[in-house]
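Presented below is the structure to which this report refers.
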Amino acid sequence: MKICMVTNTYLPHVGGVARSVHQFTEDLRSLGHEVLVLAPHFEGDRTEEREGVLRLPAIQNFNGSDFSVHIPLPFLIENELDYFSPDIIHSHHPFLLGNTALRIARKKNLPLVFTHHTLYEQYTHYVPLDSETLRKFVISLATLYANFCNRVIAPSQSIAGLIQSRGVQRPIEEIPTGVDLEFFAGGSRSRFRKKHGLPEKGLIIGHLGRLALEKNLNFLCRAVITYLRRNPNAFFLVVGEGPGQDSISRLSEESGVLDRVFLVGKKTGQELRDAYQAMDLFVFASKSETQGMVLTEAMAAGKPVIALDASGTREVVNDKENGRLLAGDVSPDRFAEAIAEFAEDSSKARHWQENALQTATLFSRQASARKLETLYKKVRNEQLVSTEGRHEEVKPLNSLISRIKTEWDILTQKTEAAADAFQTEKKRKG
């Protein structure tokens, strides 16, 4: 099959969606499929090194974030897709390039698959005039978009249930992004610690990911700092980049533990798996995940996880089995106590480590890629049956009318969603 992946974030951007798209792209190609990725241009990208990627001009660092927003160039996209001739369109966002994916699928009469990667209402702070109304509007748009698609993929069971409760009526398939067990089982603990000045025998509490507001980093930092004050032989290793970096540094300095907090920036390849191996324990406080990819990666490296109960996290972390899954409203002090529980009970720590490795095997890349391949074949066959007997040649006038109708349908239905959201908010305030 020929698959077109459409995404607003892709390498070299660091984030769960970008990594998921790249990983599935690699795995599908290894299964013999052709994959074309449509993505915005990002600063630092070396397009010539990424075959099968169509980069689109984009505005960099949109509204202070580390995202890029593409500048629509329909003819560039259409020419490339006419040449590629895809069988499936797979959208990874409901907005921006997600609309492009929808229009392509409608115009070319192709099946559209959508992965609901993100709790989009958790990201409205990147948009001017953020409000509860806007968050409801974003939920409405994401739900509407999902109902335009042939299939919706949820990365976890909790997300599948959530979006169904919000009104998604299309069939939902649960397909998590897999983890490369062999890759993360490797790596060198001592090499990473030596390179970054971490003590060989100290307790390393680790976190890895995009350092952004929606990751609940201030809570996490306060919790770890509380434990660092309790144990002078403990250290905090933070791997990643983002606007939250300054806040972590400030809180650490104010608490007098900055010398034991190591912000080492973004890591990829060998350094990424070395970073996981350098940790003793992985900590996570985000409540905005649909699937905690970093959690399965940490467990593949044999690291237990202490996290807050939330969608995408509860499918991975089993409380008191491979770490601790704490209530979402616990205090930083209670989180620090859970860290102490790991650090001060070696038999419990070994039990959690063994179970972490076992949990990771449930999320293998091979299994996830096969599930996605099966889904593609199913929706493609359904589409062929539904269009059987239609004329393949379309008159230019009919083609133009179809395109206008597609734009009108998208505009009017999304406008209705906006009106509903604003009317609901108006009644609530009235």
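The values are calculated or read from the model by the stated rules, or taken from the named source; none is laboratory data. Just so it is clear, the model here is predicted, and its values are computed rather than measured. Because the Cβ atoms are built from the backbone with ideal geometry, glycine has one as well, and the counts that use them run over all protein chains shown.
A few remarks follow.
- Selection status of Asn231, on the phi > 0 side of the Ramachandran plot, surrounded by 17 or more Cβ atoms within 10 Å (Cβ to Cβ) and out of contact with any Asp or Glu (no Cβ under 8 Å at 6 or more places or on another chain): no
- Single residue of segment 258-307 satisfying the filter (of a type in the set (Gly, Ala, Ser) and under 16 Å from Glu354 (Cα atoms)) that is surrounded by the fewest Cβ atoms within 10 Å (Cβ to Cβ): Gly302
- Scanning segment 323-333 turns up at least one residue that is hydroxyl-bearing (Ser, Thr, Tyr), over 24 Å from the mean Cα position of the chain (by Cα) and at pLDDT 95 or above.
- Any hit, segment 317-330, residues being touching a residue at least 24 places away in the same chain (Cβ under 8 Å) and among the polar types (S, T, N, Q): yes
- Qualifying residues in segment 147-191 (those that are in a loop (DSSP other than H, G, I, E, B) and under 18 Å from the mean Cα position of the chain (by Cα)) - the one surrounded by the fewest Cβ atoms within 10 Å (Cβ to Cβ): Asp180
- Residues that are charged (D, E, K, R) and not in a helix (DSSP H, G or I), drawn from segment 341-364: Glu344, Asp345
- Residue within segment 201-208 that is over 22 Å from Phe284 (Cα atoms), surrounded by fewer than 18 Cβ atoms within 10 Å (Cβ to Cβ), in the same structural domain as His22 (by TED's automatic domain parsing) and free of Cβ contacts under 8 Å to residues at least 60 places away in the same chain present: no
- Residue list for segment 357-395, filter: of a type outside the set (Ser, Thr, Tyr), modelled with pLDDT of 95 or more and out of contact with any strand residue (DSSP E or B) (no Cβ under 7 Å at 6 or more places or on another chain): Leu357, Gln358, Ala369, Arg370, Lys371, Leu372, Glu373, Lys377, Lys378
- Phe236, sole failed condition from (1) more than 16 Å from the chain's Cα centre (by Cα); (2) outside the structural domain of Ala298 (by TED's automatic domain parsing); (3) not small (Gly, Ala, Ser): (2)
- Counted residues, segment 294-322 - those being charged (D, E, K, R) and more than 21 Å from the chain's Cα centre (by Cα): 3
- Any chance Ala310 is under 26 Å from Gln358 (Cβ atoms) and surrounded by fewer than 24 Cβ atoms within 10 Å (Cβ to Cβ): yes
- Within segment 297-309, one or more residues are more than 22 Å from Ile153 (Cβ to Cβ), of a type in the set (A, V, I, L, M) and in a loop (DSSP other than H, G, I, E, B).
- Given (1) farther than 20 Å from Arg365 by Cβ; (2) in contact with a helix residue (DSSP H, G or I) (Cβ under 6 Å, 6 or more places away or on another chain), index of the condition Phe284 fails: (2)
- Only one of the numbered conditions (1) surrounded by fewer than 23 Cβ atoms within 10 Å (Cβ to Cβ); (2) part of a helix (DSSP H, G or I) is violated by Cys221, and that is (1).
Yes/no matrix, rows are residues, columns are (1) touching a residue at least 40 places away in the same chain (Cβ under 8 Å); (2) over 19 Å from Ala340 (Cβ atoms):
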position: Ala234; (1), (2): yes, no
position: Gly244; (1), (2): no, yes
position: Ser249; (1), (2): no, yes
position: Val257; (1), (2): no, no
position: Val264; (1), (2): yes, yes
position: Glu271; (1), (2): yes, yes
position: Tyr276; (1), (2): yes, yes
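- Complete set of residues in segment 277-296 that are among the charged types (D, E, K, R) and either at pLDDT below 95 or outside the structural domain of Gly244 (by TED's automatic domain parsing) (or both): Lys287, Glu289
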